[in-house]
2 protein chains.
Amino acid sequence: MAPFLSKRDLQFQLYEVLDTESLTARPRHAEHSREVYDDVLNLAYNVAEKYFANHTREADLNEPHVVDGQVKLVPGVAAAMKAFRDAGFFSAHHDEDLGGLQLPWVVMQAVQANFQAANMGSSGYPFLTIGNANLQREFDTEEQKRKYLAPLLEGRWFGTMALSEPHAGSGLADITTSATPRGDGTYSIQGTKMWISGGEHELSENIVHLVLARIKGAPAGVKGISLFIVPRYRVNEDGSLGEKNNVVLAGLNHKMGYRGTTNTLLNFGEGGETVGELVGEAGRGLGYMFHMMNEARIGVGMGAVMLGYAGYLASLEYARERLQGRHASAKDPSGPMVSIIEHADVKRLLLRQKAFVEGGLALGLYASSLVDDLATGPEEGREDTRLLLDLLTPIVKSWPSKYSQEALSDAIQVMGGAGYTRDYPVEMYYRDNRLNPIHEGTEGIQGNDLLGRKVTQAGGRGLTVLLERMHADLKASEGLEGLDGIRAALTTAIAQNRDAFGAILGRAAELGPDLYLANANSALEMLGHTVVGWMWLRQAAAAARALPGARGDAEGFYRGKLQAARFFAVYELPKVRAHAELLASADPTTHEMQGDWF
Amino acid sequence: MAPFLSKRDLQFQLYEVLDTESLTARPRHAEHSREVYDDVLNLAYNVAEKYFANHTREADLNEPHVVDGQVKLVPGVAAAMKAFRDAGFFSAHHDEDLGGLQLPWVVMQAVQANFQAANMGSSGYPFLTIGNANLQREFDTEEQKRKYLAPLLEGRWFGTMALSEPHAGSGLADITTSATPRGDGTYSIQGTKMWISGGEHELSENIVHLVLARIKGAPAGVKGISLFIVPRYRVNEDGSLGEKNNVVLAGLNHKMGYRGTTNTLLNFGEGGETVGELVGEAGRGLGYMFHMMNEARIGVGMGAVMLGYAGYLASLEYARERLQGRHASAKDPSGPMVSIIEHADVKRLLLRQKAFVEGGLALGLYASSLVDDLATGPEEGREDTRLLLDLLTPIVKSWPSKYSQEALSDAIQVMGGAGYTRDYPVEMYYRDNRLNPIHEGTEGIQGNDLLGRKVTQAGGRGLTVLLERMHADLKASEGLEGLDGIRAALTTAIAQNRDAFGAILGRAAELGPDLYLANANSALEMLGHTVVGWMWLRQAAAAARALPGARGDAEGFYRGKLQAARFFAVYELPKVRAHAELLASADPTTHEMQGDWF
């Protein structure tokens, strides 16, 4: 079987493109070293290989189902959870006094990347738990932390986020789940939640749902939404488990992919009272949730990258081994067949995958490094970092979700009929990843977030910071060999972005919000490709610097990086123009389309 | 459930865009009328709805499997085959003396479209049989026609095409299945065939495989390949069935989609002799097969269109019914939710689907009308028609295969999490259609066919004919209202095609075949989008002519056509430029990439 992840590329991204080692100069990471990070990453790879990759297909073929009221998963999942827990990954990024290693977030993302690539479905359980715990660490009372956070950090309890309802998916403002004060500071929760991943299983002693609900009498819209801790089993004061909390499994969703993660419809307050505790202040639930959501969105982007990456590696291995046909210039039909990797169109399909998944990985890790800068970087500049991260988040979420799907389609295409069968993993990755443009905010929502909020936030400062950073990298790469193509294409794309954003922002008032946002998707595409072009400039610069001293495999690795950067410059960045022109024109075609004309 | 096909659009395409009714002026169709065609199409819709659409999902969930050596299918398939047979569709396009109705091919394709949209998997069996019979009608001896063709036309026996082998998929030149003369004019067939759709089942009394094989001593390469009729059961002189012919099922392929059509690995000559009859002359097998293959490629394109179309209709129905969110301009969070079809980004996703699937349908039917022109049109101009059809075939095959997949992704996206579940059909269509860019010649092969063969054939006459026809339609549409956008965008795209083909063809000798073909995919994309832009001009012109007299639903229908044409002009045709520039530059990035740089 092909490896699910390139350790070499992960090292390159962390230490040659990003300067992850320099984080050890910050007080929080003073006891770390590159060796510590490498040991952690090796442990992650080994656990992922042994306990996660071993049941990926089995879980796909045997989706979660209910037996005697219990959700049954394939047995490998429980073993994987134990191995993940034993390795300490539930808390590795937390402070030492919470039992953690104080790992930087970028290293933690690289750790998680191993599990996402090995088995996306089983990774869902711990990652949801980690996200849930991150939120509780931020907003819980000390009492709540003792009761709920501690067992989550140990990996004894698992967590979920329960936002959507059957009638309210993207439109969270319309949720109707209610919370009625019980007089003792707790609330009685009543309602139905939809699409809850990890909502019911027997993998952990308890499940802690973070539930959005309305306290009786709260105002309409998002300002009336509060956040509640709702455990599957009630928790006694001493932390022991009490009786069932009447969170009832109403059904499982049957999905095209991502089958390893059970996805549920849950009724709260069915057959008895469901008791919840308010998190933080009433009416601020959506804001708290978005603290978790922004991390979740980077996580979705990284998950998409790793599915695409695993598919790329699988199709690459196949392309090296499969013999078929001859070069177009070959004259002798009885001459030997060549590996299909020799065919230009197969090289195109492989280069395209490489450009998408390695570009996406660079982006996901770059965004994660911004999370570290926000937490531990110099005070000065943190506001700029925050605005840049805010601006990039919709791109980090949606670009890999879309372009890993393209890459996975290419992986299938490289493998032909074989890729279309269950004998190889690429068709599964293709089904799995199709969820990523949907959950944690659809592509449409990301576009509106980018154009409607992020590019105008703080007077457009986020975009200014981004442009400054891109120009700084262009400047720093002057004179490096082999970068002319990517430098020129990126420079052009940046100018097209500047013009297009200038044009549409200048007309925002005149257009009104509906027409202003009508082509938000083009903004997402335009800026997304440009940002990934920037990621390729950064990778190409690192490769060009290292190439003169490299021999053998190392030389090939760096030449591949330069060629993929060239590919992105020649085949992909020219697509920015059409999106820029469309955005700038404020074209009203979709806005003017009428429902009864379809 | 949403309808699987728009009868209204099919009528528009046949009678308002194409002038199908005028075919009744040709001697072969003199006894036909529009009423005859409409009756046939209504029959097709009714049979498709009642006997095909009823088990599409069931067949997806219960893929073919082997029980006691027999391939088991869900029971609905056999009933569907009987209904198809009873309706006379196995032979409807054949001459009356073969039991047919002499239906034009374009009407036959419209008939088949109903079945493809209703149930792609079950449609596979009759359509493979029809393709097989078309080949035998062309090349069989009278004796072979009596023995093999007659029962195929009755639908009592089914047919397959058996080309690929485990080591030879796209590279048919390397097949090794052998044919040894038995001294009585027949041959002993020995070898293994892979990816044989409909290769084994109990739906018909016999299965007639058309098998590519090498007669002992034949030269290497394609010139040594002959074609053989190889029945599952041997056939006695009186047409009755003899003993089993030792065609042995070696396995079933387990696919991501298209599960209704069983797909097999077959061993010929296992456990006894497999006897076959030579078709036509030895060494011309691949040429005969391509007679069938070209029809098959149009069929694949049409199948892709109809899957995309069915998905579009399903997501359209959902978008009309599903309430979520409010307009960006809405101020009151407690105001009523709107149907998601009101949101601009959902309208974009629906318009994009509409542009792709209705554009694809126009293309598939146009190509089918060329098949009619070749068969029954004026003698003068047939060579031009043949060259045009040859040129368009790789586009008709690959463009809808690719862009219906985009459309189906959009259909899932419109429906969000619901679209990702098996509660709706779009995830199934998405899995089904992903095969279409692979089988009957991959997208890579279509690109090489287009740039390597079709644009240079007969001194480039096919391209000249295409350009003439596009210019004629541009001229004919002058002055029509609402066409400015599509006319301007198409004119630009045509000029870009002309420049790019001129540049690359002018350098062909200098570049050599490998580098000349390195960007063949861009040629396919560039010309494909341009041709579909032309199809939208033709639809828009028909709509603009009809609009002044239209009221109510009819008015909405024509306005929708004009808006979709505008969408294609604004959102899609500008993408031609990047492909044209890449092709013209003969960029060597993929050509120069080395296997060990990945």
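None of the figures in this text is laboratory data; all of them are computed from the coordinates on show. Bear in mind the structure is a predicted one, so any value in this text is a computation, not a measurement. All Cβ positions, even for glycine, are placed from backbone atoms using ideal geometry, and neighbour counts span all protein chains on display.
Within 10 Å of each candidate Cβ there may be at most 16 other Cβ atoms; applying that plus a DSSP loop requirement, which trypsin sites (Lys or Arg not before Pro) in segment A:513-598 survive?
A:Arg551
Can you give me the distance in nm between label points at A:Ala250 and B:Asp473, each placed 7 Å from the Cα along the Cα-to-Cβ direction?
5.0
A:Thr274's amide H: which non-local residues (gap 5+, or another chain) put their own amide H closer than 5 Å, with H modeled 1.01 Å from N in plane and none for Pro or chain starts?
Correct list: A:Ile189, A:Gly269.
Would you list the P(r) distribution for segment A:265-336, with all Cα-Cα distances sorted into 10 Å bins from 0 and each bin expressed as a whole %?
With 10 Å bins starting at 0, P(r) equals 13, 18, 20, 15, 12, 10, 7, 5.
I'd like the FRET efficiency for A:Arg498 and A:His167, computed as 1/(1 + (r/R0)^6) with the beta carbon distance as r and R0 of 45 Å, rounded to 0.05.
0.60
Using only the alpha carbons, work out the radius of gyration and Dmax of the protein assembly as shown in angstrom.
Final numbers for Rg and Dmax: 30.5, 98 Å.
Residue by residue, what Karplus-based ³J(HN,Hα) values in Hz, rounded to whole numbers, does segment A:114-128 have, using 6.51, -1.76 and 1.60 with θ = phi - 60° and x for Gly and Pro?
4, 6, 4, 5, 6, 6, 4, x, 5, 5, x, 4, x, 6, 5
How much space per residue, in cubic angstrom, does the convex hull of the C-alpha atoms of segment B:444-523 take up?
92
How many angstrom lie between the Cα centre of segment A:1-69 and the Cα centre of segment B:95-169?
Each part reduced to its Cα centre gives a spacing of 53 Å.
Pull up all non-local amide H partners of B:Thr160: gap of 5 or more, or a different chain, and H-to-H distance under 5 Å with H placed in the peptide plane.
Result for B:Thr160 returns B:Val208, B:His209, B:Leu210.
Go ahead and estimate [θ] at 222 nm for chain A from helices alone: -39,500 (n - 2.57) per DSSP H run with n ≥ 4, summed, over the residue count, rounded to 500.
That calculation yields -17000 deg cm²/dmol at 222 nm.
Do any GluC sites (Glu not before Pro) in segment B:434-502 lie in a loop, going by DSSP, with at most 12 other beta-carbon atoms within 10 Å of their beta carbon, and if so which?
B:Glu478, B:Glu481
Hey, for a label at A:Glu592 modelled as a point 7 Å past Cα toward Cβ, could you say which residues of segment B:341-365 have their backbone N under 17 Å away?
The answer is B:344-345, B:347-348, B:351-352, whose backbone nitrogens lie closer than 17 Å to the label point.
Mark the label point 7 Å from the Cα of B:Asp514 along Cα→Cβ and return the residues of segment A:326-342 whose backbone N is within less than 15 Å of it.
A:326-332, A:336-342
Which FRET efficiency, nearest 0.05, do B:Glu379 and B:Glu154 yield, Cβ-Cβ r, R0 30 Å?
0.35
What list do you get for A:Arg434, B:Arg8, A:Arg320 if you sort them by fewest beta carbons within 10 Å?
B:Arg8, A:Arg320, A:Arg434
What per residue convex hull volume, in Å³, comes out for segment A:469-582 when only alpha-carbon positions are used?
Once divided by residue count, the hull of segment A:469-582 is 87 Å³.
In Å, the Kirkwood hydrodynamic radius of segment B:507-548 over pairs of distinct alpha carbons?
Result for segment B:507-548, one decimal place: 12.6 Å.
Please list, in chain and number order, the residues 5+ apart from B:Arg284 or on another chain whose amide H is under 5 Å from its amide H, with Hs placed from the backbone.
Answer set, sorted by chain and number: B:Leu227.
Loop only by DSSP, 12 or fewer other Cβ within 10 Å of the Cβ. Give me the GluC sites (Glu not before Pro) in segment B:378-423 that pass, ordered by residue number.
Sites meeting the loop and neighbour criteria: B:Glu379, B:Glu380.
log10 I(q)/I(0), Debye, Cα-only segment A:7-154, no solvent, q = 0.13 Å⁻¹?
-0.65
Cut-off is 10 Å between beta-carbons; in what order do B:His65, B:His201, B:His327 appear when sorted fewest neighbours first?
Ordered from fewest to most neighbouring Cβ atoms within 10 Å, B:His65, B:His201, B:His327 come out as B:His65, B:His327, B:His201.
Using the Kirkwood radius over C-alpha pairs as Rh, can you work out the diffusion coefficient of chain B via Stokes-Einstein at 20 °C, viscosity 1.002 mPa s, in µm² per second?
Answer from the Stokes-Einstein relation: 85 µm²/s.
Give me the number: length gained by fully extending B:Arg545 to B:Val66, i.e. 0.36 nm times residue separation minus the C-alpha to C-alpha distance, one decimal in nm.
That works out to 166.8 nm of additional length.
Along the Cα→Cβ direction, 7 angstrom out, place labels at B:Arg146 and B:Glu321. What is the inter-label distance in nm?
Taking the simple label geometry, B:Arg146 and B:Glu321 are separated by 5.7 nm.
How large is the Kirkwood hydrodynamic radius of segment B:158-283, in angstrom, based on all distinct alpha carbon pairs?
14.7
I want to verify the translational diffusion coefficient of segment A:324-457 in µm²/s; compute it with Stokes-Einstein, Rh as the Kirkwood radius over Cα pairs, at 10 °C and 1.306 mPa s.
My calculation gives 90 µm²/s for D.
As an exercise, take the mean of 1/r over every pair of distinct alpha carbons in segment A:224-370, invert it, and state the Kirkwood radius in angstroms.
20.6
Could you work out how far the C-alpha centroid of segment B:467-489 sits from that of segment A:394-447, in angstrom?
Between the Cα centres of segment B:467-489 and segment A:394-447 lies a distance of 38 Å.
Which value, in Å³ per residue, describes the convex hull spanned by the Cα atoms of segment A:325-395?
103
So how do B:Phe557, B:Phe89 line up by other beta-carbon neighbours within 10 Å, fewest first?
Starting with the residue having the fewest Cβ neighbours, the order is B:Phe557, B:Phe89.
How large is ³J(HN,Hα) for each residue in segment A:493-504, as worked out from phi by the Karplus curve 6.51 cos²θ - 1.76 cosθ + 1.60 (θ = phi - 60°), to whole Hz, x for Gly and Pro?
Calculated HN-Hα couplings, in order: 4, 4, 4, 5, 4, 4, 5, 5, 4, x, 5, 6 Hz.
Cα centroids of segment A:321-343 and segment A:538-561: how far apart, whole angstrom?
29
Show me, for segment A:173-180, the HN-Hα J-couplings you get by feeding each phi into the Karplus relation (A = 6.51, B = -1.76, C = 1.60, θ = phi - 60°), rounded to Hz, glycine and proline as x.
Working through the residues one at a time gives 4, 9, 5, 10, 4, 10, 10, 10 Hz.
Between A:Glu555 and A:Ala330, what is the label-point separation in nm under the 7 Å Cα-to-beta-carbon projection?
Those two pseudo-labels are separated by 2.7 nm.
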